[in-house]
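To start, the structure under review is shown below, and the notes come after it.
The values are calculated or read from the model by the stated rules, or taken from the named source; none is laboratory data. All values derive from a computational prediction rather than experimental measurement. Backbone-built Cβ (ideal geometry, glycine too); neighbour counts: all protein chains shown. We work out accessible area using only protein heavy atoms, side chains counted, and drop any ligands, DNA or RNA first. Shrake-Rupley method; radii C 1.70, N 1.55, O 1.52, S 1.80 Å.
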Amino acid sequence: MPTLIVCEHCDTVYQRAPLQPGQRARCLRCAAPLYRADLAPPALLALTLAAAVVFLIANVFPIVSLDLQGSSSQSTLWGAIHAAWDSEVGPVAVLVALTAFFFPLLQILLLGAVLLALRRGGLRRSLLVDALHSLRFLRPWSMVEVFLLGALVAVVKMGALAAVQPRPGLYGFAALTLLLTALNSFDLHRLWECLDE
Amino acid sequence: MSSAAGLPRAADLGLLSCLACGLVCRALPATAAPHCPRCHAPLHRRKPASLSRSWALLIAAAVLYIPANLLPIMQTSTLLYSENDTILSGVLTLWRSGAWDLALIVFVASIVVPLLKIAALATLLLSAGAHSRWRRRERARLYRLIEFIGQWSMLDIFVVALLVALVNFNSVAQVRAGPGAIAFASVVVLTMLASMSFDPRLIWDEPQTGSRA
C-alpha cells in the first residue's frame, strides 16, 4: 500500500500528501518527522561525487602537523588509526577505522552505485536491495562529523605543548562533514520507491 | 494529546510497516514469519524482544561506565614528567589551560551525554515496560534526542587516537592510549546498540496491544 505511510516512532497511519519544496510532514501523535520534500536523485548524485573527491583529499593530506623543539610530526586519519593500533588498544583502532574511514567510504561508494544504477539501470535488483539495506545500517555508525570535532579538540590540546598547524586534510574533513550531513539527511525510503518505479 | 487520540495505528488496522524500506503491508494471519515484499526484510509488529535486548545492552554499558571513568584513557610522558589522564582529568587539564569552551564540549560529550543516555534509556525502558501513559510525547522526544546525540560521545576516542599519532617524539614527549579508552568506546557502542534495540512504538502501546508484541 504505497499511498500509506506509518510513523516509525509511534505506529500512526497516514495518507501520503504531496509536499512543496522545503516542507516536511510531522507525526501528529509523537511529532517525529514523517517525510519531506527531498533533493532529486540527480542532485544527490552530484553531492555524492563531490563527497568522493573530498574524501580522497581529506585522507591523502595530513590533518595537523606538530613542531616540538626542532622535530616535527604530522598525521593523517590513517596514521592515527595505525598509532592507536600500536598503542595496544586494538579495539579502539578498529572502531576508529570503521566509524571514521570505512563506513563513510562505503556510504559514498554504495550511494553513488545505487544512484547511478537507478539512473541507467544495469545493476541487478537483488544487489540494489542489499546496497540499500547496507546504507540504512551504515548511517548511525558513520561519524565523520564527530571525528572533525575530535581533530579540533586535539589541535587545541596540543597547542599547549607545541606549535600546531592545521593542514589541508583538516579542511577536507570539514567539507566532507558538510557533504555527508546533507547526504545523511536524505530519506532512504525515497530510493526504495525509485526502485519500484 | 486529545487531538491525536483518534488517529489510527497500524497494529489496530492489521497493517505492518517495514522498518527497512517504509512499505506498508497488510498483516496476513496465515504467515508465521512475514517478509517485506519490496525489500525482503523480516516484518515485525514491534522489534522482537525489544525491552530485554535493550536492558541487557544498557546494563552492560552501565557496568563498563565505571572502568571507563576510573582507568586512564591516555598516558602522557615527557622528559620532565609522566601523567595518566582519565576522562575527567583531561577535561580539568583543558579547563586549567584556559580552553574553557573546549573543556565544556568534551565534558558534555564524554561525561554528561553517556550518563544522561543511560539514565534516559532506563527511564524509557521502565515506563514502556509498565505501559505508562505518563508524558508520552515528551518520552518520544527524549528517545529521538538519545538517537541523535549517541555518536557524539565518540569524541574523546578520536582525540586520543590523534594525540597518540602526533605526539610521538620518542623520549622527548610521547602519548599512549590507556585501557580506559577500550572501556569508554565499549560504553558508546553499547548505548548506541541499546537505543537501536528499543522500539519507540512501545511508548504508545496500551497494555492489551502491547502484550502481543
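Counting Cβ atoms of other protein chains within 10 Å of each Cβ in A:91-99 and taking the mean gives 6. Spin-label model, residue B:70/residue B:84: points 7 Å from Cα along the beta carbon direction are separated by 1.1 nm.
The alpha carbons of the range A:121-197 occupy a box of 57, 20, 18 Å along the principal axes, longest dimension given first. Mean partner shielding of peptide A:27-37, defined as the number of other chain Cβ atoms within 10 Å of each residue Cβ, is 4. For chain B, the Cys residues with no second cysteine's beta carbon closer than 4.7 Å are B:25. Think of chain A as having a plus end and a minus end, set by charges on the Cβ of Lys, Arg, Asp and Glu; of A:78, A:58, A:181, A:181 sits farthest toward the positive end of this dipole.
Divide by every residue of chain A the summed helix terms, -39500 (n - 2.57) for each DSSP H run of at least 4, and state the resulting mean residue ellipticity at 222 nm, rounded to the nearest 500 deg cm²/dmol.
Helix-only estimate at 222 nm: -18000 deg cm²/dmol.
Would you rank A:177, A:3 by solvent-accessible area, highest first, keeping every protein chain in place and using a 1.4 Å probe?
A:3, A:177
Coordinate range of the alpha-carbon atoms in the protein assembly as shown per principal axis, descending: 73, 51, 36 Å. Work out how much length residue B:77 to residue B:40 would gain on full extension: take 0.36 nm times their residue separation and subtract the Cα-Cα distance, in nm to one decimal. That works out to 7.9 nm of additional length.
Full extension of the chain segment joining residue A:194 with residue A:25 gains 58.9 nm, where the gain is 0.36 nm per residue of separation less the Cα-Cα distance. Extents of the range B:34-167, largest first, come to 65, 36, 25 Å (Cα atoms, principal axes, whole angstrom).
Summarising the label geometry, the points placed 7 Å from Cα in the beta-carbon direction at residue B:130 and residue B:13 lie 3.2 nm from one another.
Global dimensions of the range A:40-196 from alpha-carbon coordinates: Rg and Dmax equal 17.8, 63 Å.
Among the cysteines of chain A, those with no neighbouring cysteine Cβ under 4.7 Å are A:194.
The residues B:187, A:156, sorted by heavy-atom accessible surface at 1.4 Å with ligands and nucleic acids left out, run A:156, B:187 from largest to smallest.
Give, in nm to one decimal, the length gained when the segment between residue B:119 and residue B:172 is fully stretched (0.36 nm per residue of separation minus the Cα-Cα distance).
Extending this stretch completely gives an extra 14.8 nm.
Using heavy atoms of the protein chains and a probe of 1.4 Å, the accessible area assigned to residue A:35 is about 30 Å². Taking B:158, A:103 and ordering them by how much accessible surface each has at a 1.4 Å probe, largest first, produces A:103, B:158.
Computed on the range B:55-124, the Cα convex hull volume stands at 78 Å³ per residue. Each part gets one Cα centre, and for the range B:166-201 versus the range A:49-102 those centres are 16 Å apart. Note on residue B:104 and residue B:147: the model spin-label points, each 7 Å out from Cα along the C-beta direction, lie 2.9 nm apart. For the peptide B:197-205, the mean number of other protein chain Cβ atoms found within 10 angstrom of a residue's Cβ is 4. For residue A:37 and residue B:59, the FRET efficiency from 1/(1 + (r/R0)^6), where r spans their Cβ atoms and R0 equals 35 Å, is about 0.25. Evaluated at q = 0.19, 0.23, 0.26 Å⁻¹, the base-10 log of the normalised Debye intensity for the range B:59-99, with identical point scatterers placed on the Cα atoms, takes the values -0.65, -0.80, -0.89.
Of the residues A:162, A:182, A:151, the one that moves most in a GNM of chain A with alpha-carbon contacts below 10 Å is A:162. Treating each Cα of the range A:156-197 as an identical point scatterer and summing with the Debye formula, the log10 of I(q)/I(0) at q = 0.26 Å⁻¹ comes to -0.87.
Structural descriptor for chain B: relative contact order 30 percent, calculated from alpha carbon pairs under 8 angstrom and at least 6 residues apart. The charge dipole of chain B, taken about its Cα centre with unit charges on the Cβ atoms of Lys, Arg (+1), Asp and Glu (-1) only, comes to about 980 debye.
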